[in-house]
Amino acid sequence: MREFTVGSVHEAITRTRPDQECLVFRDRRLTWKDVADRTDRLADHLNRSGLGCHTERRELSGSESGQDHLAIYLHNGNEYLECMLASFKARVAPFNVNYRYVAEELTYLLLDSKATAIVYHSTFAPVLQSIRSALPDLRILLQVSDDSGHDLLPGAAWYEDAIAAAEPRPNGDASPDDLYILYTGGTTGMPKGVMWRQGDALVECFGAPKTAESLDEIVAAATGRRALIAPPFMHGAGHWVAMGTWNTGGTVFVPGIPERLEPTDIWSIVERERIDFLLIVGDAFARPLVDELKRRTYDLSSLVVLLSGGAALSAHIKEELLAIAPHLMIIDGLGSSEAGGQLTHVSAAGGASTGTFPLAPGNHVLSDDLSRVLESGDTEVGWLAKSGRLALGYLGDPAKTARTYPVVDGVRYVVPGDRAVLLDGNIVELRGRDSVTINSGGEKIFAEEVELAIKPHPDVFDCVVTGRPSERWGNEVVAVVQLRPGTSPSDQDILDEAAKHVARYKLPKAIVRVESIVRSPAGKADYRWAKEIASKS
């Protein structure tokens, strides 16, 4: 199977549509030729700064990197995707930074990643400067101007100045062996850097055709779409779909208010720009977006696909959305940093559901003890797994790599941590992440399953379920709930709704009300926060 690099695919498509729009953010409407030129220049700047590949992949073990690593510490904008593409061209490995991290967390990430370069918005300059002395390997700093007004840090260069001063030289020595690094969210443990070969990431994460034997085949398959990416690019789903849009010759649109989800901004762009593809992350995005559609009418006639990835999208919210826009196709996308894309489920008018997925090629359910591949109709709760083109593993952590990428009967799998049952007809019923499973009274209770049972209550705006120690049960289920303003349902009201969807032994033993649920900017639940709230109540 032939392999390609991200840069070579982008360049090939650019030659076919140089003057068409490639990337739109606020008043910047960059053509394919513009993006190619700017990323060639940025790659040149990185290389002239001494960054690149110093040891080829064939000389390294699976958990090692022979490249420089560039931290992308940015809000969404054209700069984020430019940094990724330019890094690939320069043989520098880009990786994502959670911009909500405090100084201690940021220090851990930059040390763990062995970052030698960073691109950051000015608003983050004070935090970065406060930890500079703890980061001796960080030597190249590019600062992106914003409304914060912070001065350029000592030793840094302005991002736009660096691009303007560089030469637009195409870099032809990039390799499919070059790395793309994706850091996990760290909502249940410390973030870890997942190392992907670029040739594998291109098809498993960035949506390039898996069987293409030439760049001409990829170009011929590029139909183009107009995709609006609502979640932060620092979450894998965000930049995966953006890169996937480019790999189909499409145009990427970035929300005008990238610091937070603003429903009026999202729907106004869909209406104004005739968006046909919208990416969101589960209920945390869908709930306020649907509420806005109930307040105001927008022209959504151009919108064909709404894709939700990274968190569950409840069936009742899908039904609300389809009642407003019955022409929509709503797709649940299941994947992970460690596995790339895995499964999809489609809902349309007349039938919305959540939690089940047709088994796709290369995906499997392994037994609980990881000794065998389960067959269709087996009732055992096993592990969702994937084989084929997989990530190399975790940067600098061969032991964790071996646990997450086991070999069963001579086949290497990735087991990201999702529990699942393989029903008759090769239907995968997803139970939830093992890391947030609650062992209560001898029963395994999946937090996400209980969350989906509570959320249909009309007074519940958001919910996260966790466990806390119990003398009677060992651990007991606790629901941390954010109610809609002006509502005050009793605990029994909420439990009665949940009892319609899950067995009674799974119902929460306590319900804790909070003003707002803490989630990552990408919409993922912060289970460490929820456990702390439950333990204090």
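The values are calculated or read from the model by the stated rules, or taken from the named source; none is laboratory data. Model, not experiment: these values are computed from the prediction. No Cβ is skipped: glycine too gets one built from the backbone with ideal geometry, and neighbour counts run over all protein chains shown.
Pull up region 128-182, narrow it to residues that are in contact (Cβ under 8 Å) with a residue 40 or more places away in the chain and polar (S, T, N, Q), then point me to the one that is farthest from Glu3 (Cα to Cα). In this case the residue turns out to be Asn171.
Out of all the residues in region 171-180, is one or more loosely packed, with under 14 Cβ neighbours inside 10 Å and under 27 Å from Ser337 (Cα atoms)? Yes, region 171-180 contains at least one residue that is loosely packed, with under 14 Cβ neighbours inside 10 Å and under 27 Å from Ser337 (Cα atoms). Among the residues of region 103-126, those that are touching a helix residue (DSSP H, G or I) at 6+ places or on another chain (Cβ under 9 Å), among the aliphatic types (A, V, I, L, M) and either surrounded by 17 or more Cβ atoms within 10 Å (Cβ to Cβ) or under 21 Å from Tyr394 (Cβ atoms) (or both) comprise Leu106, Leu110, Leu111, Ala115, Ala117, Ile118, Val119.
Looking at region 60-70, is at least one residue modelled with pLDDT under 95, touching a helix residue (DSSP H, G or I) at 6+ places or on another chain (Cβ under 6 Å) and not in a helix (DSSP H, G or I)? Yes - at least one qualifying residue is present in region 60-70.
Got at least one residue in region 197-208 being closer than 26 Å to Pro126 by Cα, in contact with a helix residue (DSSP H, G or I) (Cβ under 8 Å, 6 or more places away or on another chain) and assigned by TED's automatic domain parsing to the domain that holds His45? There is no residue in region 197-208 that is closer than 26 Å to Pro126 by Cα, in contact with a helix residue (DSSP H, G or I) (Cβ under 8 Å, 6 or more places away or on another chain) and assigned by TED's automatic domain parsing to the domain that holds His45. For region 214-229, the criterion of being buried (at least 23 other Cβ atoms within 10 Å of the Cβ) and not assigned by TED's automatic domain parsing to the domain that holds Val460 is satisfied by at least one residue.
Residues are listed down the side, and each one gets a yes or a no for (1) buried (at least 21 other Cβ atoms within 10 Å of the Cβ); (2) among the hydroxyl-bearing types (Ser, Thr, Tyr); (3) modelled with pLDDT under 95; (4) assigned by TED's automatic domain parsing to the domain that holds Arg57:
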site: Ala385; (1), (2), (3), (4): yes, no, no, no
site: Ala391; (1), (2), (3), (4): yes, no, no, no
site: Tyr394; (1), (2), (3), (4): yes, yes, no, no
site: Val411; (1), (2), (3), (4): no, no, no, no
site: Val414; (1), (2), (3), (4): yes, no, no, no
site: Gly417; (1), (2), (3), (4): no, no, yes, no
site: Leu422; (1), (2), (3), (4): yes, no, no, no
site: Asn426; (1), (2), (3), (4): no, no, no, no
site: Phe446; (1), (2), (3), (4): yes, no, yes, no
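Checked against the criterion of being among the polar types (S, T, N, Q) and out of contact with any strand residue (DSSP E or B) (no Cβ under 7 Å at 6 or more places or on another chain), region 89-100 contains one or more residues that satisfy it.
The listed residues are Thr123, Thr116, Thr107, and the only one of them that is more than 19 Å from the chain's Cα centre (by Cα), in the same structural domain as Arg197 (by TED's automatic domain parsing), within 26 Å of Asp178 (Cβ to Cβ) and among the β-branched types (Val, Ile, Thr) turns out to be Thr116.
Filter region 9-66 down to residues that are hydroxyl-bearing (Ser, Thr, Tyr) and either touching a residue at least 40 places away in the same chain (Cβ under 8 Å) or buried (at least 18 other Cβ atoms within 10 Å of the Cβ) (or both) and give me whichever is nearest to Thr404 (Cα to Cα).
My answer is Ser63.
Restricting the first member to region 368-387 and to residues that are in contact (Cβ under 8 Å) with a residue 60 or more places away in the chain, and the second to residues that are assigned to a loop (DSSP other than H, G, I, E, B) and surrounded by fewer than 20 Cβ atoms within 10 Å (Cβ to Cβ), the beta-carbon pairs closer than 9 Å and six or more apart or on different chains are Val381/Asp368. There is no residue in region 124-138 that is among the aliphatic types (A, V, I, L, M), closer than 17 Å to Leu51 by Cα and not in a loop (DSSP other than H, G, I, E, B).
Taking the stated definitions as given, is Ala525 touching a residue at least 40 places away in the same chain (Cβ under 8 Å), of a type in the set (A, V, I, L, M, F, W, C), closer than 27 Å to Ala230 by Cβ and surrounded by 14 or more Cβ atoms within 10 Å (Cβ to Cβ)? Considered against the rule, which asks whether it is touching a residue at least 40 places away in the same chain (Cβ under 8 Å), of a type in the set (A, V, I, L, M, F, W, C), closer than 27 Å to Ala230 by Cβ and surrounded by 14 or more Cβ atoms within 10 Å (Cβ to Cβ), Ala525 comes out as yes. For region 476-491, the tally of residues that are buried (at least 16 other Cβ atoms within 10 Å of the Cβ) and part of a loop (DSSP other than H, G, I, E, B) stands at 1.
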